[in-house]
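Colleague: First the structure, then my questions, so here it is.
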Amino acid sequence: MDLRLKLEPVKCIACGVCEMVCSMHRDSVLTPMTSSIILHIEDKANYFGLVLKTKSEGLVLGRPEGASSGQQASGSGGPGAKPILLREACDLCDGHPKCAKICPTKCITVVD
Ligand code: SF4
Ligand code: SF4
């Protein structure tokens, strides 16, 4: 089994629930500061995507233009938040990805 997460940021409404559930899985706290998935929001109006730190592909960027991997990314999480490169990589919640389950618009889906 080779699960991975597929990101479709066009469907994202920037609710932040995926960051919260990821931090809950990792640290048992509700904060976007250490999650393996972050919202990537730029100053352009209505431009946001998702960044996932993976073990196999490095950073995976989901942008409205399409997905790519391996690039540096700025992140969310507010002052004091860990840069995503210093965060733990996604462990796919031990085979049951919680962010994909909770995302209200299904922009995170599990593929294998
Ligand atoms: S699958 Fe789990 S560890 Fe990976 S980003 Fe989603 S919530 Fe975080
Ligand atoms: S839970 Fe889904 S809609 Fe909400 S921010 Fe995360 S990816 Fe976007």
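Quick note: the coordinates plus some simple rules give every number you see, no bench work behind them. Since the model is a prediction, treat every value here as computed from it, not as a measurement. Virtual Cβ from ideal backbone geometry, glycine too; neighbours counted across all protein chains shown.
Colleague: Which of 38, 13, 84 comes first, and how do the rest follow, when ranked by fewest Cβ neighbours within 10 Å? Intermediate results must be reported in sequence, preceding the final value.
Modeller: Values: 38 29, 13 11, 84 23.
So the ranking, lowest neighbour count to highest, is 13, 84, 38.
Colleague: What ranking of 36, 23 emerges when the number of other C-beta atoms within 10 Å of each C-beta is taken as an exposure proxy, fewest first?
Modeller: 23, 36
Colleague: Sticking with this structure for a sec: Where Lys and Arg each count +1 and Asp and Glu each count -1, what net charge lies around residue 10 among other residues with Cβ under 12 Å from its Cβ?
Modeller: Once all neighbours under 12 Å are counted, the net charge is +1.
Colleague: Arranged by the count of other C-beta atoms within 10 angstrom, fewest first, what order do 28, 69 take? Walk me through the intermediate numbers first.
Modeller: Working: 28 7, 69 13.
In order of increasing Cβ crowding within 10 Å: 28, 69.
Colleague: Counting only the backbone N, which residues of the stretch 1-38 are under 15 Å from the spot 7 Å out from the Cα of residue 94 toward its beta-carbon?
Modeller: It comes to 24-28, nothing else.
Colleague: Could you derive backbone 3J(HN,Hα) for the stretch 92-103 from the dihedral phi with the Karplus parameters 6.51, -1.76 and 1.60 (θ = phi - 60°), listing whole Hz in sequence and x where the residue is Gly or Pro?
Modeller: 6, 6, 6, x, 10, x, 6, 5, 5, 5, 8, 4
Colleague: Testing the spin-label approximation: label points 7 Å from Cα along Cα→Cβ at residue 13 and residue 110. State their distance in nm.
Modeller: 2.3
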